[in-house]
Amino acid sequence: VQLQASGGGLVQAGGSLRLSCAASGRTFSTYNLGWFRQAPGKEREFVACITWSGVNTYYADSVKGRFTISRDNAKNTVYLQMNSLKPEDTAVYYCAARLRPALPSATMTVDYWGQGTQVTVSS
């Protein structure tokens, strides 16, 4: 599966952004999907993931209550709604896929990566 992320940009602290990741192929629903991020000088880290059905979601503690992951299998797209953004959320955000039932919850477990989209939060 090929993943194409979009929606990044520059936003002030406290603002919101919604990232999208469109997938190619007809097997979208066979993958659990996730988002990771990588700040300058830091390792790539898990942000959130969602099961193929959309029923179960998981979040890093740092974004819990502020970010929401969702998916639309009819549109082959996964979303990350980011609210109450903080300067420490500044990073390149990557979407990720892993063949179900396993979850893309760690960088070593991802089967496919999308290209990154830059999110910059100014203070």
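Worth pointing out:
- Checked against (1) part of a loop (DSSP other than H, G, I, E, B); (2) open to solvent by 30 Å² or more (accessible area, probe 1.4 Å); (3) over 13 Å from CYS21 (Cβ atoms), VAL63 meets all criteria but (2).
- Qualifying residue in segment 37-44 (condition: closer than 19 Å to GLY116 by Cα, among the small types (Gly, Ala, Ser) and assigned to a strand (DSSP E or B)): no
- Among the candidates ARG71, ARG37, ARG66, the residue that is out of contact with any His (no Cβ under 7 Å at 6 or more places or on another chain), more than 14 Å from CYS95 (Cβ to Cβ) and among the basic types (Lys, Arg) is uniquely ARG66.
- Of all residues in segment 82-111, those satisfying the criterion of being among the hydroxyl-bearing types (Ser, Thr, Tyr), over 12 Å from the mean Cα position of the chain (by Cα) and over 11 Å from ASN32 (Cβ atoms) are SER84, THR90, THR107.
- In segment 110-123, the residues that are touching a residue at least 40 places away in the same chain (Cβ under 8 Å) and open to solvent by less than 20 Å² (accessible area, probe 1.4 Å) form Cβ pairs under 9 Å with partners that are β-branched (Val, Ile, Thr) and not in a strand (DSSP E or B), at six or more places apart or across chains, as follows: VAL119/THR90; VAL121/THR90.
- Lone qualifier among THR57, THR27, THR51 - being closer than 15 Å to THR109 by Cα, surrounded by fewer than 17 Cβ atoms within 10 Å (Cβ to Cβ) and free of Cβ contacts under 8 Å to residues at least 60 places away in the same chain: THR51
- Residues that are of a type in the set (A, V, I, L, M) and assigned to a loop (DSSP other than H, G, I, E, B) were ranked within segment 66-95; the one that is surrounded by the most Cβ atoms within 10 Å (Cβ to Cβ) is LEU85.
- Subset of segment 1-36 [among the basic types (Lys, Arg) and assigned to a strand (DSSP E or B)]: ARG18
The values are calculated or read from the model by the stated rules, or taken from the named source; none is laboratory data. Given the structure is predicted, the values throughout are model-derived calculations rather than measurements. Cβ sites come from the backbone with ideal geometry, for glycine too, and all protein chains shown count toward neighbours. To get the accessible areas, we keep the full protein, side chains included, count just its heavy atoms, and leave off ligands, DNA and RNA. Shrake-Rupley method; radii C 1.70, N 1.55, O 1.52, S 1.80 Å.
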